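Structure incoming, see below.
The values are calculated or read from the model by the stated rules, or taken from the named source; none is laboratory data. This one's a predicted model, so the numbers in the text were calculated from it and none came from an experiment. Virtual Cβ from ideal backbone geometry, glycine too; neighbours counted across all protein chains shown. The area values use the complete protein model at the heavy-atom level, side chains included, leaving out ligands, DNA and RNA. Shrake-Rupley method; radii C 1.70, N 1.55, O 1.52, S 1.80 Å.
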Amino acid sequence: MAIGGQVFTSDQGSLAMVTVRWVNAGSFYSDGWAKTRLAKMVGWRATRETVQVCSENVEWEHVGKNFIQCADEWINWMPAGGWQVPENAWHNCSLVFPVERA
C-alpha cells in the first residue's frame, strides 16, 4: 500500500490532499458499505465525511462501485455491494477534503 498526502492551510481553513494505491494481498469477502481500514491520519481529522470512486482492476460488474472514504481520522476502502474481492486487485484514488487538527 502506498498512501501519500499533504495538508494545505490558509486563514480560511485546511485541506488535505491524499492519494491511495492499495493492492490487496489475498482474496476476501466484503459486505456492502463495510469499511476496510487502510490508514489513520496522524494529527489531523476530516471535518466531514468524503467519498470518492476508485479506479480498480476488478471484474466489469464491480467497476465504479467501490470507494475510498475518509471520516474522522480514518481512510477506508468501501464497496457499494457485497462481493468476493480477488487477490492482487489494485485500488487507486485521490481525495481532497477539509481537515482540522486532531
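Quick grid of which residues meet (1) in contact with a Phe, Trp or Tyr (Cβ under 7 Å, 6 or more places away or on another chain); (2) modelled with pLDDT under 95; (3) not aromatic (Phe, Trp, Tyr):
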residue: 20; (1), (2), (3): no, no, yes
residue: 28; (1), (2), (3): no, no, no
residue: 37; (1), (2), (3): yes, no, yes
residue: 52; (1), (2), (3): yes, no, yes
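Against the definition (farther than 19 Å from residue 90 by Cβ, in a loop (DSSP other than H, G, I, E, B) and either under 12 Å from the mean Cα position of the chain (by Cα) or in contact (Cβ under 8 Å) with a residue 12 or more places away in the chain (or both)), how does residue 16 come out, yes or no?
So residue 16 fails the test.
With respect to residue 23, is the statement that it is surrounded by 12 or more Cβ atoms within 10 Å (Cβ to Cβ), of a type outside the set (Asp, Glu) and more than 15 Å from the chain's Cα centre (by Cα) true?
Considered against the rule, which asks whether it is surrounded by 12 or more Cβ atoms within 10 Å (Cβ to Cβ), of a type outside the set (Asp, Glu) and more than 15 Å from the chain's Cα centre (by Cα), residue 23 comes out as no.
Would you please name the residue that is least open to solvent (accessible area, probe 1.4 Å), looking only at residues in the range 77-99 that are over 22 Å from residue 15 (Cα atoms) and among the small types (Gly, Ala, Ser)?
Restricting to residues being over 22 Å from residue 15 (Cα atoms) and among the small types (Gly, Ala, Ser), the top hit is 89.
So, in the range 28-60, of the ones that are in a loop (DSSP other than H, G, I, E, B) and open to solvent by less than 60 Å² (accessible area, probe 1.4 Å), which residue ends up farthest from residue 99 (Cα to Cα)?
Selected residue: 58.
Given the options 3, 68, name the one that is under 16 Å from the mean Cα position of the chain (by Cα) and open to solvent by 40 Å² or more (accessible area, probe 1.4 Å).
Step by step, each of 3, 68 is checked, and only 3 is under 16 Å from the mean Cα position of the chain (by Cα) and open to solvent by 40 Å² or more (accessible area, probe 1.4 Å).
Continuing with this model, one more query. Checking residue 67 against (1) within 20 Å of residue 90 (Cα to Cα); (2) assigned to a loop (DSSP other than H, G, I, E, B), which test does it fail?
(2)
Something else now. Please give the number of the condition residue 9 fails out of (1) in contact with a strand residue (DSSP E or B) (Cβ under 7 Å, 6 or more places away or on another chain); (2) open to solvent by 80 Å² or more (accessible area, probe 1.4 Å); (3) hydroxyl-bearing (Ser, Thr, Tyr).
It fails just one condition, (1).
Could you please find all residues in the range 33-50 being small (Gly, Ala, Ser) and within 15 Å of the chain's Cα centre (by Cα)?
Hits for the range 33-50 are 34, 39, 46.
I'd like to check something: does the range 81-90 contain any residue that is over 14 Å from residue 3 (Cβ atoms) and under 13 Å from the mean Cα position of the chain (by Cα)?
No, there is no match, as no residue in the range 81-90 is over 14 Å from residue 3 (Cβ atoms) and under 13 Å from the mean Cα position of the chain (by Cα).
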